[in-house]
Amino acid sequence: MTVTSRAVTTAVLATLVAAAAYLGPWWTVGASALLVVLLAVGWAPLLRLPADGATSTVVLLAGLGGLAVTWFTEGEPVLRNLPAVIALSLVLAFVAQMLRSGGRPRLVESVSGMTAGVVVSVAAAGWLATAGTDAGAGLVVTSAVGLAVASAVAALPVAGGWIGSLLAVALGGAAGAGTASALREVEPVHGLVVGLVAGLVSAALRLLFERQPALQRWRAGVAAAAAPVTITGMLVFVVGRTLL
């Protein structure tokens with residue numbers, strides 16, 4: 001996938017999350033689960049890890065497990081059971097390595113890659129947790145719109161290098177503030193902050209992934225497109241809890 005197609009895919013996924021937040025909790029769960037699936041499918045090719053199937057399985061189970069415990073957790077803090085999911089997923093990652101045959105080549109790289117995939121996948125639970133806050137769907141929509149705009153900027157010819165990245169961050173913040181001004185649940189200054197956070201995630205991951213040769217493969221490209229949306233969910237939850 002090209003930089004443009006990945007940027008457009010990220011923007012579409014962010015817009016999907018925003019729409020799901022207003023349709024209801026089950027839709028938010030579905031959109032978050034889709035992010036987890038896309039991430040799991042392409043995580044191993046993205047990082048060029050061995051044990052492709054095992055990596056996809058561990059990342060998928062971690063992400064879906066995070067969504068499940070967040071959904072069934074009552075009261076506050078809503079993410080209090082998420083560390084248990086991460087811990088069990090890391091155990092599962094080591095078990096998967098033990099079950100590998102053929103001498104276990106690139107063992108350290110494989111374990112670290114799986115661990116990173118677990119963390120990124122579990123971050124999708126942040127969207128579900130954010131939807132349950134006082135700001136609720138408004139905060140999800142505000143941050144998702146900021147991310148969609150910042151990602152769309154990456155598809156423009158001027159988006160290359162640091163100047164393009166700074167432009168994406170600025171426009172993401174502006175989009176967040178503009179969206180918040182049209183909503184009752186979120187103050188414009190809070191929308192500005194979450195929009196800037198979403199823009200920073202989009203710009204940082206674009207700079208991180210743009211030199212990866214594996215991105216020419218569609219599975220790796222899909223994972224690279226889903227990762228900014230997944231990570232933003234957790235960061236927006238943290239920012240939202242800090243500001244609101």
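Apart from one condition, Phe94 fits all of (1) open to solvent by 20 Å² or more (accessible area, probe 1.4 Å); (2) under 19 Å from the mean Cα position of the chain (by Cα); the exception is (2). So for the stretch 118-125 (the condition being part of a helix (DSSP H, G or I), exposed (fewer than 13 other Cβ atoms within 10 Å of the Cβ) and of a type in the set (A, V, I, L, M)), does at least one residue qualify? No, there is no match, as no residue in the stretch 118-125 is part of a helix (DSSP H, G or I), exposed (fewer than 13 other Cβ atoms within 10 Å of the Cβ) and of a type in the set (A, V, I, L, M). Within the stretch 20-36, the set of residues being open to solvent by 50 Å² or more (accessible area, probe 1.4 Å) and farther than 17 Å from Met234 by Cα comprises Tyr22, Leu23, Trp26, Trp27.
You will find that of Pro105, Pro83, Pro50, the residue that is at pLDDT below 90 and out of contact with any helix residue (DSSP H, G or I) (no Cβ under 9 Å at 6 or more places or on another chain) is Pro105 and no other. Within the stretch 206-221, the set of residues being at pLDDT below 75 and in a loop (DSSP other than H, G, I, E, B) comprises Glu210, Arg211, Gln212.
Within the stretch 70-102, the set of residues being over 14 Å from Val119 (Cβ atoms) and touching a residue at least 40 places away in the same chain (Cβ under 8 Å) comprises Thr70, Trp71, Val78, Ala96, Gln97, Leu99, Arg100. Restricting the first member to the stretch 37-58 and to residues that are within 14 Å of Glu109 (Cα to Cα), and the second to residues that are surrounded by fewer than 19 Cβ atoms within 10 Å (Cβ to Cβ) and among the acidic types (Asp, Glu), the beta-carbon pairs closer than 6 Å and six or more apart or on different chains are Ala44/Asp52.
The values are calculated or read from the model by the stated rules, or taken from the named source; none is laboratory data. All values derive from a computational prediction rather than experimental measurement. Backbone-built Cβ (ideal geometry, glycine too); neighbour counts: all protein chains shown. Side chains included, ligands, DNA and RNA excluded: accessible areas come from the protein's heavy atoms. Shrake-Rupley method; radii C 1.70, N 1.55, O 1.52, S 1.80 Å.
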